Structures are given as structure tokens and as C-alpha cells.
Amino acid sequence: MIPLAIVGLYLVTVVYVGVFAFRRAERKAGAEDFFLAGRSLGPFVFVLSLFGTNMTAFSILGSSGHAFTNGIVTYGLMASSSALIIPLSLFFIGTRIWSLGHRHGFMTPVQMFRDRWECGHIGTVIFAVQAILLVPYIIVGVMGGGTTLAALSGGLVPYWAGGALVALVVMSYVFFGGMRGTAWVNTLQTLMFLAFGLLAMVVVGVGMGGFGHVFSEMLDTPAQAALLTRERVSPWYFFSYTFIPLSSIAFPHIGIFCLTAKKLSHFKRTVVLYPICMLAIWLPCVFLGVAANRATEVPAIKAKLDARATLAAGGPALDAAARDGLRRTASGDDVMLRLVEHYAPVWLIGLLGASVMAAVMASDSQILALSTMFTEDVFTFYGGTARFGPNVQVQMGRLFVVLLTLVAYAIALRVPQSIFDLASQFAFAGYSALAPLLAAALFWRRSTKWGALAVVVWVAAGIAAVAAIQMHVPAPAGPPTVLWEVGGLAVASRAAAGLLVFNLLPVVPLTIGSVLLMWLVSIATPAPGPRTLARYF
Amino acid sequence: MLTALGLLVFFALHQDVWLWRESRPLVFGVLPVGLAYHAAYTLAVSIVMAVLVRLYWPSHLEEPDR
């Protein structure tokens, strides 16, 4: 009960932070204040909050779960590549978004696209695709909340109740605090998981008898030694993962967050410290996820390892339902929590649980971003604010926060897929393939609205096709099933983790296709007028 | 141009195929060599970013005329 009480105290604290931000904002309330914290965030809050916004349930639970199954490759796949690509994209693109936002008053990326490419309804199409792609990422947060509280309470709090509680808390502080409340909570969250990630590693390491001993044993066990190398994935698959971090700057919540800095110089510290923060969070998570393979004295982890062994031994002979059941049991999304629960003293379980909750609740920024986009890109654009006034606009934003959270929760109850797969396959891949939109808008004078439309339609169709294929072709128990072959070359295959195109993640052909379409369609259609271009170049 | 080339080389260093199947040695007695490499790579990124900020900061964007 003590861990649950500490987590409960943490949840009350973040709701209070939201309400405190609400009270502070009352005197100068307005859309820009609610949605962008009045473009006034200082360097400390900006750095930590921006990092916290990128660290979600995926980073903590998904990464340790993926490392539990796939080994150390998880760190190279997502952490070290993100540590390079995300700061670079903030340096080259984030700073320009900030500058244009301050000069022209933009509050969302779609506002910038509409102005840059002299379009109206095409902007609405971009909004719709961005919104649809963002919802899975929000669901990840709710799923993580349910998983975390269920694990921390030893099943006392069921998954559905944990997810509901987390959704309610996030909804509350976003509803009241807007961007200011969200940024403050994210700052607190980042400080918490920076502080306790390392602590978790030390405590679990001592409990397991020292990591040197654990990894030496793994090296001596052939079935587990492979987890300490990257031989479970191909170098091409590894390379294709470097496209995924392109999604970060294309996510609307990151683009919008770039507008909240008071000064451009706040980006300097962010891009330098970002890789170090990545190291501080991801290394312990991956490390613990891999080490969990030796934690057979933890009953829940033993059950996962047994399910994995059954799958490996008799997978092809099992029917699809049995395989799916075993995969769910073997999934490592709660492995970090199981380790902490088993090895840490009871007070520390609560603190560490609260830290994990902090990461899980980073979906707040996405909820707020969607609310901002809805009110600015749809409600205001189609005359709502002019007709009903700015106060109604803010209330619409709050109503949207409530509705969105309820929808995400309802979906989270029905989606059994692993946190990592869900997030990476749809939201990350889609936004990575949308990144050429930003690059074209900011760096290529000749880009046009028709090029932008072609990119958005291509990405939407591509993601829908990937989702449809994965739904209709069951995951194989063993090596990938080739779906389409030309001259002995596998064009499309279905692997356990999802669809592969030329043995690469679908994000690669999607992104390359986006670049080509933007180029070909833009050069075939009229460029924006010189007055518009003069404001951008 | 030289900077762009340098960034490309740095990106290529992320694809460390030469360590693909190596698990030994355990750096500091605990870190498999592939993981230690990428941890060091992450720290090196921070240094590269510090150099970029120092030499190529887009200061022309800093004066908003809103």
C-alpha cells in the first residue's frame, strides 16, 4: 500500500500544479496564454519540459520491454540515433519555427503551412492527418498508466482502473493549467525520472548480485548471449530505425512547444543537453530490460521467459490465438516495474513508481497540442473565434481535451498490442514521413501547397496500407513471411514486429516517397507569390 | 560544406557494423561493448552539438519583428 500511497501523492501534486498554473493565468487569460504559456517559458523549464515531452511511456516501459526481448540493440535503435537527430532537428528546424511564430503569431504548424503555401483547406487536410496519427501516441500514455498501476499494486488496481485514473489526472491538469501547467508538470516529471532512473539501476543491480555477475552469466548462456549483441536485427533494419527520430520535430506537440520559449537562446542549452538526458534515461532502462532475462526469481518475469521459450520451441505448430496469448505473456512492457517491485525497498518502489508514472503521463503535451490544433486550425480558421470570442475558443479547447481523453481511454481498453509496436509503427512512422513538409516549407522556396497535399495523402494512404496488411496477415512465429517477391528479392514481408519493405521498416519508403512527391509535384505546380516568399526567405 | 560532410561521417559512425556480433569485452565489467560504444557515441553527440551552437548559431533569427 505504501508504493500506491506515494504514487497517489504524486498524482495529487501534479493536479495541484495544474490548478496553480490555472490560478496564475486567470489574470491574463487568453488563447496564447492557455495554449503557449504566453510564449514566456524560461530556459530551465524549456529544456526539461521539452525533453519530458519526448519521454513517454514508450521511453521507459517500451524501451525496457523491447530490450528484454531484443537485447542491447534497443539503445542503438532509438536512443543514440534520437540523441543525434532530435537535437539537429531542433537546431535547424525548431529555431526557425520559433522565429516565424514570434514574427507572424503562429500557434500551430498548420497555421504556418497555410500562410507559407497560401492555402486553406489543404491545411485542414494536414490537420486531419496529423490528428489521426497523434491519437495512437496518446493511447500509449493511457495504456502505460494502466500497466504501471496494475504492476505497482500487484493487480489490486486493475488495468482499466489504472488507465482511467491516469487519464483523469492528465486531463485535469491540462484542462486547468494549459501549456503553463503542462510545462511545469513535465519539468517536475523530467527531474524525477532523471533522478530515479540511475537509482533504480543501482538498487536492482545490488538485488541481483551485481550486474557484472548477471552479464557474465548471460555471456555463458548461448540463448541469452545474443541479447548482448545486435545479431537479432539486420544492419539494414538498424539503419532504417534512424528515420524514426525525424518524427520528433514533425510531431505537432514538439512544433508547438518550440513556440513557447521566451528567447531563441533557450534552444542552445537544449540541443547540447538533450543527448546527455537521453543517455541518463535510456541507458538504465535498456540495461535493466536486458538484465531482467536473468531475474528468474521474479515470478512474473519467469512466466514471461517460459512463454518466450514455448513460443520458440513450438510456435509454428500453435494456432494464431495461442501464439498471440503467449506473445502477450512474454511481452516485457512491465518488466522494469517487476524488477523494481521485487528488488527495491517498499518506500523506494513508490518513488520509482511515481517516476515511471511521470514518464507515462507525458501524453499531456499531445492532448494539449491536439486541443490547440483543433481550436486554432479548425474552430478559429472557420470563423468560430471571430463569431463567439476568444473566451469561447479557450473553453472549446478545454472541452476538446475532455473528449479526446475519453476517446483515447476507450480505445486503450480494446487494444492489446505492445506499447512499443503501437507507437513506433503508426505515430512515429507517420510523422517521420511528414517531416519533409517542414523541411520544404522552411528551406525550399519552390515548394507548393500541391506538393504538401501529395505528401499528406501519400503518408495517410501508406500508414493505412501498413495497418491493413498487419491486421490481415498474422505475425509469423518464426522468420518473416514473404508477402511479395520479385526476382528472388523480398519486396514486402510480415515479421513478428510488423511489415517490412525490402527488409526495411515502412518508414524508409514512406519518407523517401514524401521527398520525391514534394519535389515532383511542386516543380509541376505554381509557386507561392513573391510577397509570401519574401516573408520567409 | 565541410560541416555537412562531418555530420554525415558522424551519422555513419552510428552504424557500427564492426561491433555487430561482439559482446565482449564487458566495459567497466558490466557494459557489453556494443552498448558501451553507443553510450560513448551519445556523449560525443553532445560535444558535436556544443560545437555547432558555438560556430553556427543562427543568430539572424533572434530578432523577432512582431
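The values are calculated or read from the model by the stated rules, or taken from the named source; none is laboratory data. Computed from a predicted structure; not experimentally measured. Glycine gets a Cβ as well: all are built from the backbone with ideal geometry, and neighbour counts include every protein chain shown.
Some notes on this structure:
- Only a single criterion out of (1) part of a helix (DSSP H, G or I); (2) under 30 Å from A:Val508 (Cβ atoms); (3) of a type in the set (Asp, Glu) is not satisfied by A:Asp364, namely (2).
- Some residue of region A:216-232 being more than 14 Å from chain B (Cβ to nearest Cβ) and part of a helix (DSSP H, G or I): no
Residues are listed down the side, and each one gets a yes or a no for (1) touching a helix residue (DSSP H, G or I) at 6+ places or on another chain (Cβ under 8 Å); (2) modelled with pLDDT of 90 or more:
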residue	(1), (2)
A:Ala321	no, no
A:Gly332	yes, no
A:Val340	yes, no
A:Ile349	yes, no
A:Met357	yes, no
A:Ile367	yes, no
A:Val378	yes, yes
A:Thr385	yes, no
A:Leu404	yes, no
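- Test: residue in region A:283-292 that is of a type outside the set (Ser, Thr, Tyr), at pLDDT 80 or above and farther than 19 Å from A:Phe211 by Cα: no
Yes or no, residue by residue, for (1) within 30 Å of A:His104 (Cβ to Cβ); (2) crowded, with 17+ Cβ neighbours inside 10 Å:
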residue: A:Ala461; (1), (2): no, no
residue: A:Ala465; (1), (2): no, no
residue: A:Met471; (1), (2): no, no
residue: A:Gly478; (1), (2): no, no
residue: A:Arg494; (1), (2): no, yes
residue: A:Val515; (1), (2): yes, no
residue: A:Ile523; (1), (2): yes, no
residue: A:Thr532; (1), (2): yes, no
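- Just one of the numbered conditions (1) without any contact (Cβ under 8 Å) to a residue 12 or more places away in the chain; (2) more than 14 Å from chain B (Cβ to nearest Cβ); (3) among the polar types (S, T, N, Q) is not true of A:Thr190: (1).
- Of everything in region B:11-34 that is within 14 Å of the chain's Cα centre (by Cα) and facing chain A (nearest Cβ under 7 Å), the residue that is nearest to A:Pro87 (Cα to Cα) is B:Phe11.
- For region A:5-109, the helices (runs of 4 or more DSSP H) that sit wholly inside it and include 1 or more residues that are within 14 Å of chain B (Cβ to nearest Cβ) and more than 30 Å from A:Leu442 (Cα to Cα) are A:63-70.
- Conditions (1) surrounded by fewer than 22 Cβ atoms within 10 Å (Cβ to Cβ); (2) modelled with pLDDT under 90: number failed by A:Thr53: (1)
- Among the residues making up region B:35-66, those that are in a loop (DSSP other than H, G, I, E, B) and either closer than 21 Å to B:Gly6 by Cβ or more than 8 Å from chain A (Cβ to nearest Cβ) (or both) are B:Trp57, B:Pro58, B:Glu63.
To keep it simple, each residue is scored yes or no on (1) surrounded by 14 or more Cβ atoms within 10 Å (Cβ to Cβ); (2) closer than 30 Å to A:Ile93 by Cα.
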| site | (1), (2) |
| --- | --- |
| A:Val491 | yes, no |
| A:Ala497 | yes, no |
| A:Val508 | yes, yes |
| A:Pro526 | no, yes |
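- Region A:200-215 - residue that is more than 11 Å from chain B (Cβ to nearest Cβ) and surrounded by fewer than 20 Cβ atoms within 10 Å (Cβ to Cβ) and, of those, farthest from the chain's Cα centre (by Cα): A:Gly209
- Filter result (at the interface with chain A (Cβ under 8 Å from one of its Cβ atoms) and under 22 Å from A:Ser234 (Cα atoms)) within region B:1-10: B:Phe10
- Look at region A:267-281: where a residue is without any contact (Cβ under 8 Å) to a residue 40 or more places away in the chain and a partner is part of a helix (DSSP H, G or I), sitting 6+ places away or on another chain with Cβ atoms under 8 Å, you get A:Lys268/B:Val53; A:Ile276/B:Thr42; A:Ile276/B:Leu43; A:Ile276/B:Ser46.
- Residue satisfying condition, being within 11 Å of another protein chain (Cβ to nearest Cβ), among the charged types (D, E, K, R), more than 30 Å from B:Ser23 (Cβ to Cβ) and not in a loop (DSSP other than H, G, I, E, B), within set A:Lys268, A:Lys263: A:Lys268
- Filter result (of a type outside the set (A, V, I, L, M) and farther than 25 Å from A:Pro245 by Cα) within region A:481-512: A:Thr481, A:Trp484, A:Glu485, A:Gly487, A:Gly488
- Residue satisfying condition, being buried (at least 19 other Cβ atoms within 10 Å of the Cβ), assigned to a helix (DSSP H, G or I) and over 18 Å from the mean Cα position of the chain (by Cα), within set A:Asp377, A:Asp324: A:Asp377
- Condition met for A:Gly197 (in a helix (DSSP H, G or I), over 17 Å from B:Leu19 (Cβ atoms) and over 28 Å from the mean Cα position of the chain (by Cα)): no
- If the condition is being assigned to a helix (DSSP H, G or I) and either touching an Asp or Glu at 6+ places or on another chain (Cβ under 6 Å) or closer than 22 Å to A:Val214 by Cβ (or both), then region B:1-34 contributes B:Leu19, B:Val33, B:Gly34.
- Among the conditions (1) farther than 19 Å from A:Ala37 by Cα; (2) touching a Phe, Trp or Tyr at 6+ places or on another chain (Cβ under 6 Å), A:Ser371 misses just one, which is (1).
- The single condition among (1) surrounded by fewer than 15 Cβ atoms within 10 Å (Cβ to Cβ); (2) under 30 Å from A:Trp98 (Cα atoms); (3) out of contact with any Leu (no Cβ under 9 Å at 6 or more places or on another chain); (4) not basic (Lys, Arg) that B:Leu7 does not satisfy is (3).
- Members of region A:233-246 found to be part of a helix (DSSP H, G or I), within 23 Å of the chain's Cα centre (by Cα) and facing another protein chain (nearest Cβ under 9 Å), listed by number: A:Phe238, A:Phe239
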